[in-house]
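Just so you know, all these numbers are worked out from the coordinates, no wet-lab data involved. What you see is a predicted model; the values in this text were computed from it and never measured. Cβ sites come from the backbone with ideal geometry, for glycine too, and all protein chains shown count toward neighbours.
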Amino acid sequence: MSLDDLAGREVEVAIIGSGPAGLTAAIYAARANLHPVVLEGEPSSTSDQPGGQLMLTTDVENYPGFPEGVMGPELMQRFRDQAARFGAQIHTVKASRVDFSEQPYGIWIGDPGADEPALRARTVIVSTGAQSIMLGLDREVELVGHGLSTCATCDGFFFRDQHIAVVGGGDSAMEEATFLTRFASRVTIIHRRDALRASKIMQRRAFDNERIDFMWNSVVEEYLGESTLAGLRIRDTKTGETSTLDVTGCFIAIGHRPNTDLFVGQLEMKENGYLVTEANSTRTVVDGVFACGDVQDDYYRQAVTAAGTGCMAAIEAERYLESLH
Amino acid sequence: MAGPTITLSASTFDEEINSASTPVLVDFWAEWCGPCKLIAPILDEIASEQEGRLTVAKLNVDEAPDVARRFGVMSIPTMILFDGGEPATRMVGAKPKEALLGELAEYL
């Protein structure tokens, strides 16, 4: 069914977002015969895209059922195929506005100023996930793709035998740095503290890798180079001294922010922008609107926990719809 | 691959780009790139819809790293539009179809 056919129609379940949470919700809702419509997002090279953050990863080693590991994009293709197999309608579009003030809830696609929403839904499952934070320095946007990267798996290949930097101290930074040593001759991890917050196994991998070294208590102050990145100006946070690191590539992995701009004024959020759900539930402050996955999780943030809450959201949506009859 | 999208290699690249009767949009991609997979079907659609006005060509950077280096490709997907054999514009990163068409509009 095309999107035009949805116009003016009321669907039982609309799912916004298509990472592990959204697609698990789609599998459960489809199997419950609720004919879910999934707005999977639009292509982008950030993690705010169909498939979510796993589309920018390589080997996923901790998703149960894959003892040899699985590539992130392949895992998400499998989620998507499984949802489609049970009849979920998946559309490659991005929601531009929502109206949760009255049932059935309105969802706009494209022009958010249009009089009528693209579709109306009796329940909405929000699974828009989170995306990488950038440093916010001058010329950041123009340097992406010219030495500055948010996607090690997309761009690592182009830094063969070069010295590059990874900024961050968590699991994603360790994973990217370790992955990048397949190509780079040397990877310097720049971290603003004197200890990592990455898991022990990821820390050990980075410490044991002879191509990886660390700059502790350090922050990037400036991107150097004209049209292509040629180095970084680094400030030592303890001494205040600045230095130059000659790298041709810089990968940013300092954390994530939830994709919740769409829900400002509609759903309750924490100070950090994550959606608030009831304890042990995916219910939001609006009846019939459920939130699952990283958009409401600033603690676990794993593919498997996202999938788990996606299942919860679908079951809660089903019970809510039953309660209306 | 069905449709008019063509595949380039290091040895055919220059000849195809220089002898084309339309501008050529080259998609620098690789098997291991998630965003490349997202835009592949969109580029195939554009190839069909713009047939006769635009040629869409794919170049696997794993197989032709020297060509990627020659054009300064440091991130994929990168799409470079060649007009008369010369790079006319480039787009870095996956984008929705409308955004790609918007950037190509003045060359079609």
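Things to note:
- Fraction of the pair-distance distribution of segment A:140-252 above 24 Å, Cα-Cα pairs, percent: 18
- Lys, Arg +1 and Asp, Glu -1 on Cβ, resulting dipole of segment B:6-107 about Cα centre, debye, nearest 20: 280
- The tail of the calculated P(r) for chain A, taken as Cα-Cα distances beyond 36 Å, holds 25 percent of the pairs.
- Spatially close Lys pairs in the protein assembly as shown, defined by Cα atoms under 19 Å apart and a spacing of eight or more places or different chains, total 8.
- Shielding by partners for peptide B:24-37, expressed as the average number of C-beta atoms from other protein chains within 10 Å of each residue's C-beta, is 5.
- Listed residues A:190, A:201, A:240: farthest to the positive end of the dipole of segment A:140-252 (Cβ charges): A:201
- Coordinate range along principal axes, alpha carbons of segment B:14-55, Å, largest first: 31, 24, 9
- Lacking any other cysteine beta-carbon closer than 4.7 Å, the following Cys residues of chain A have no compatible partner: A:250, A:292, A:311.
- Gaussian network model of chain A, Cα within-10 Å springs - most flexible of A:125, A:201, A:133: A:201
- Exposed loop positions in chain A were taken to be GluC sites (Glu not before Pro) whose DSSP state is not H, G, I, E or B and which have at most 16 other beta-carbon atoms within 10 angstrom. Between these positions, the longest stretch is A:103-209.
- For segment A:23-130, the Cβ-based charge dipole about the Cα centre amounts to some 380 debye (Lys, Arg positive; Asp, Glu negative; other atoms uncharged).
- Taking N as its residue count, the alpha carbon Rg of segment A:1-138 over 2.2 N^0.38 Å: 1.10
- Relative frequency of Cα-Cα separations exceeding 19 Å in segment A:168-325, percent: 65
- Unit charges on C-beta of K, R, D, E only; dipole of the protein assembly as shown, Debye: 1060
- Shown here is the pair-distance distribution of segment B:6-107: with all Cα-Cα distances grouped in 10 Å bins from zero up to the longest one, the shares run 16, 55, 28, 0 percent.
- Calculated mean residue ellipticity at 222 nm for the protein assembly as shown: -8000 deg cm²/dmol, from DSSP H runs with n ≥ 4 weighted as -39500 (n - 2.57), summed, divided by the residue count and rounded to 500.
- Alpha-carbon centroid distance for the pair segment A:92-123 / segment A:22-86, whole angstrom: 23
- One Cα centroid belongs to segment A:193-264, the other to segment B:31-108; the line between them spans 30 Å.
- Restriction of the trypsin sites (Lys or Arg not before Pro) in segment A:192-273 to DSSP coil positions whose beta-carbon has at most 10 other beta-carbons within 10 angstrom yields A:238.
- Rounded tilt (10° steps) of A:171-180 against the dominant C-alpha axis of chain A: 60
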